[in-house]
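The values are calculated or read from the model by the stated rules, or taken from the named source; none is laboratory data. Just so it is clear, the structure is predicted and the values come from calculations on it, not from any experiment. Don't worry about glycine lacking a Cβ; one is built from the backbone with ideal geometry, like all the others, and counts go over all protein chains shown. Calculation scope for accessible area: heavy atoms of the full protein, side chains included, ligands and nucleic acids excluded. Shrake-Rupley method; radii C 1.70, N 1.55, O 1.52, S 1.80 Å.
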Amino acid sequence: MDQINVIPFIDIMLVLLAIVLTTATFIGEGRLEIRLPESASQTGSDIPAAVEIAIDAEGELFLDTEPLPIEALGARLAALDRATPIVLRVDAATRFDRFVAVVDQLKARQLDRLTILTRKS
C-alpha cells in the first residue's frame, strides 16, 4: 500500500462543512453603521415587522435604509397607520436635537408604538 486514499476524508470534510453552514446563524444588526447607546434595562429585540427610522453619527436620517431629509419625514409618517410599530435607531454620537425632532414628528402624528434600540451595557 504505497498511497493513501484521501477521497473519504474529503467527503467527510464536505459533510461537516455543510452541517456548519446550515446550522450557523448569520445575523446582522442593520445595514447602517450606527453605534447604539448603552442601556442597563434593555429588553429583548423581538420586534414585529416595523418601520425603521435611523439617524447616523452625522445626523443623516434614514427611513427603512432610504436617506430622507427631516423635512420630508412628516409626509412619509402621515401615510402610516397609527398602529404601525416604529423602531428608532440613533447613533450615540448624534446631536440630541435630531432625536427630539424625529420624536416630535412621531408625536404630532400620534405614532406612539415606538421602540428605541439600545445595546446592553
(request) Could you please find all residues in segment 104-120 being open to solvent by 50 Å² or more (accessible area, probe 1.4 Å) and assigned to a helix (DSSP H, G or I)? (result) D104, K107, A108
(request) Select from segment 23-48 the residues that are open to solvent by 100 Å² or more (accessible area, probe 1.4 Å) and either at pLDDT 80 or above or hydrophobic (A, V, I, L, M, F, W, C) (or both) and list them in ascending order. (result) F26, I27
(request) Mind counting the residues in segment 72-102 that are free of Cβ contacts under 8 Å to residues at least 24 places away in the same chain and either among the basic types (K, R) or within 14 Å of A54 (Cβ to Cβ) (or both)? (result) 1
(request) Quick one: A93 ticks every box in (1) outside any helix (DSSP H, G or I); (2) under 19 Å from E38 (Cα atoms); (3) touching a strand residue (DSSP E or B) at 6+ places or on another chain (Cβ under 9 Å) except a single one, so which number is it? (result) (3)
(message) T65 - would you say it is polar (S, T, N, Q) and modelled with pLDDT of 75 or more?
(response) yes
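Among the residues of segment 80-101, which ones are within 22 Å of E58 (Cβ to Cβ) and open to solvent by 40 Å² or more (accessible area, probe 1.4 Å)?
Taking segment 80-101 as the starting set, the residues that turn out to be within 22 Å of E58 (Cβ to Cβ) are 86-101.
If the condition is that a residue be within 22 Å of E58 (Cβ to Cβ) and open to solvent by 40 Å² or more (accessible area, probe 1.4 Å), then A92, A93, R95, F96, D97, R98, F99, V100 are the ones that fit.
Can you tell me which residue is farthest from the chain's Cα centre (by Cα) among those in segment 65-79 that are exposed (fewer than 15 other Cβ atoms within 10 Å of the Cβ) and under 15 Å from V103 (Cβ atoms)?
Step one: list which residues in segment 65-79 are exposed (fewer than 15 other Cβ atoms within 10 Å of the Cβ), which gives 65-67, 69-72, 74-75, 78-79.
Within this subset, residues satisfying the condition of being under 15 Å from V103 (Cβ atoms) are 70, 74.
Values: I70: 20, G74: 22 Å.
The qualifying residue farthest from the chain's Cα centre (by Cα) is G74.
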